[in-house]
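Beneath this line is the structure, given in structure tokens, with notes to follow.
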Amino acid sequence: MIIVDRILFLRRVSLFSKMTTGQLACIAGAASEAVYPATSRIIKEGEQGDLLFLIVDGEVLIHRGDTRLAILKPEDYFGEMSIIDEEPRSASATAITDCLILHLRHQDFRDIVTANADVAWAVIRTLSQRLRETTSNLQQAKGAQADVSQTNL
């Protein structure tokens, strides 16, 4: 992908959608491309992480063991927690189809954020929104589970 294609792609990724073209250009320049064939493991739960993954093309299964957590498609991302805290991966990711993925390394992200606080705020806002949505979904699921339990009494 040429840099302009990367910028246009990043603009459609929710994590970066509120950034300026200049900010996106910094990220696009730091990102690298990788191809993962169908059925290949991209990351393994428990391994040390320092990459953010942005799906350009293909589908990725996020799972813990045999438990499916999500199927991600183009413009989705994963590994965002590890790019910030460099902690072990909380789940595994396996390519369902052949995938083209952009990687952003922790150190590159840190350098960009250090040079431009607005990038950090844009990412923090997006991650905060994602956490709120996840919390809301968990509360709804818990409520639905309680309703089912009460009906079975």
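The values are calculated or read from the model by the stated rules, or taken from the named source; none is laboratory data. As the structure is a computational prediction, the values presented were derived from the model and not from experiment. Ideal geometry is used to build each Cβ from the backbone, glycine not excepted, and the neighbour counts take in all protein chains shown.
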Can you pull out every residue in the range 77-102 that is among the charged types (D, E, K, R) and within 26 Å of residue 119 (Cα to Cα)?
80, 85, 86, 87, 89
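Matching residues to (1) more than 15 Å from residue 94 (Cβ to Cβ); (2) among the basic types (Lys, Arg):
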site	(1), (2)
4	yes, no
10	yes, no
13	yes, no
27	yes, no
41	no, yes
48	yes, no
51	yes, no
55	no, no
60	no, no
Which residues, taken from the range 61-83, are in contact with a His (Cβ under 9 Å, 6 or more places away or on another chain) and buried (at least 17 other Cβ atoms within 10 Å of the Cβ)?
79, 82, 83
Could you please find all residues in the range 66-87 being touching an Asp or Glu at 6+ places or on another chain (Cβ under 8 Å) and modelled with pLDDT of 90 or more?
71, 72, 73, 74
Could you grab the pairs with beta carbons closer than 8 Å, sequence gap of 6+ or different chains, first residue in the range 133-148 and at pLDDT 75 or above, second one β-branched (Val, Ile, Thr)?
none
Looking only at the range 15-60, and only at residues there that are part of a strand (DSSP E or B) and at pLDDT below 95, the one that is surrounded by the fewest Cβ atoms within 10 Å (Cβ to Cβ)
48
Lone unmet requirement of (1) crowded, with 17+ Cβ neighbours inside 10 Å; (2) out of contact with any strand residue (DSSP E or B) (no Cβ under 6 Å at 6 or more places or on another chain) for residue 5:
(1)
For the range 1-14, how many residues meet the condition of being within 16 Å of the chain's Cα centre (by Cα) and either farther than 14 Å from residue 101 by Cα or not in a helix (DSSP H, G or I) (or both)?
4
Quick check, is residue 125 farther than 23 Å from residue 34 by Cα and touching a strand residue (DSSP E or B) at 6+ places or on another chain (Cβ under 8 Å)?
no
Just to be sure, is residue 134 more than 24 Å from residue 8 (Cα to Cα), surrounded by 10 or more Cβ atoms within 10 Å (Cβ to Cβ) and polar (S, T, N, Q)?
yes
Conditions: (1) of a type in the set (A, V, I, L, M); (2) touching a Lys or Arg at 6+ places or on another chain (Cβ under 8 Å); (3) more than 20 Å from residue 14 (Cα to Cα); (4) at pLDDT 95 or above. Residue 93 meets all but one. Number of the miss?
(3)
